[in-house]
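The values are calculated or read from the model by the stated rules, or taken from the named source; none is laboratory data. If you're wondering where the values come from, they're calculated on a predicted model, not measured in any experiment. Cβ sites come from the backbone with ideal geometry, for glycine too, and all protein chains shown count toward neighbours.
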Amino acid sequence: MLFGETCLLLRCQKPHFSKTDKISDNDWNLSRSMEAPYAMKYTLSINGQKRDVEAEPGTPLLWVIRDELDLTGTKYGCGVASCGSCTVHLDDSPVRSCQTAIEDVANAKVTTIEGLDSKISKAVTTAWRDMDVVQCGYCQSGQIMSAIGLLSENPSPTDNDIDDYMDGNACRCATYQRIRSAIHQAADKLEV
Ligand code: FES
Ligand code: FES
């Protein structure tokens, strides 16, 4: 790392200096305070289990899920809450895990695509298979988590309800029509 260069790591915007760089004491102290590691311990309730993790405050839940807990069904798409591929459930409601800080989930129940185990989730995943919704698959865990959230709040959604609720879940393969059909099928099955 060159003198005072900004770190190129995705999640690090800190200037890095070495002890031998000719900088003022103030800059050195500032640099050290910005770089000081301060990982904290958190206990997550995730997919029905308690899991201990260490992370710096402010770390997105998405990184903890994927990098620390190895639950890679939840995907990184945009990192700015615009695509929905990182959707998980927090206390049964869909959230964007890329924009959810680890310290904000300490007392909540987290569910990822790997931990689905409810009547609604079974109806949704069955409908997804029946309708052959998936193309490349990258967005689909987020789509499924949102669809379950929709049917939990609204058991008989109209096309407009579906389009409104699923609006934040992007699919580059444009599987939207099949997603809509699958949600209708799941709703019909759950009604019976
Ligand atoms: S990665 Fe979180 S919304 Fe795109
Ligand atoms: S199935 Fe490919 S991005 Fe949605």
Just the residues that are among the small types (Gly, Ala, Ser) and in contact with a Cys (Cβ under 8 Å, 6 or more places away or on another chain), please, taken from the range 109-167. GLY142
Out of ASN107, ASN154, which single residue is more than 16 Å from ligand 1 (Cβ to nearest atom), touching a Ser or Thr at 6+ places or on another chain (Cβ under 9 Å) and over 19 Å from THR175 (Cα atoms)? ASN107
Out of the residues in the range 45-68 that are farther than 17 Å from ASP92 by Cα and basic (Lys, Arg), which is surrounded by the most Cβ atoms within 10 Å (Cβ to Cβ)? ARG66
With criteria (1) under 30 Å from ASP188 (Cβ atoms); (2) away from ligand 2 (no atom under 16 Å from the Cβ); (3) touching a strand residue (DSSP E or B) at 6+ places or on another chain (Cβ under 8 Å), ALA101 comes up short on (1)
Checked the range 105-139 for anything among the aliphatic types (A, V, I, L, M) and part of a helix (DSSP H, G or I); matches are ILE113, ILE120, ALA123, VAL124, ALA127
Condition test on ALA106, is it of a type in the set (A, V, I, L, M, F, W, C), closer than 22 Å to THR59 by Cα, modelled with pLDDT under 95 and surrounded by fewer than 23 Cβ atoms within 10 Å (Cβ to Cβ)? yes
Please verify whether THR43 is of a type in the set (Ser, Thr, Tyr) and under 12 Å from the mean Cα position of the chain (by Cα), treating the condition exactly as stated. no
What residue, among those in the range 69-95 that are without any contact (Cβ under 8 Å) to a residue 60 or more places away in the chain and part of a strand (DSSP E or B), is surrounded by the most Cβ atoms within 10 Å (Cβ to Cβ)? VAL88
Any residue at all in the range 163-177 that's over 19 Å from THR72 (Cα atoms), more than 21 Å from the chain's Cα centre (by Cα) and not assigned by TED's automatic domain parsing to the domain that holds TYR76? yes
Filter the range 172-192 for residues that are assigned to a loop (DSSP other than H, G, I, E, B) and modelled with pLDDT of 95 or more and give the result. ARG172, CYS173, ALA174, THR175
Report the residue count in the range 64-95 for those that are among the acidic types (Asp, Glu) and touching a strand residue (DSSP E or B) at 6+ places or on another chain (Cβ under 6 Å). 2
Please tell me if ASN169 is within 14 Å of ligand 2 (Cβ to nearest atom) and at pLDDT 95 or above. yes
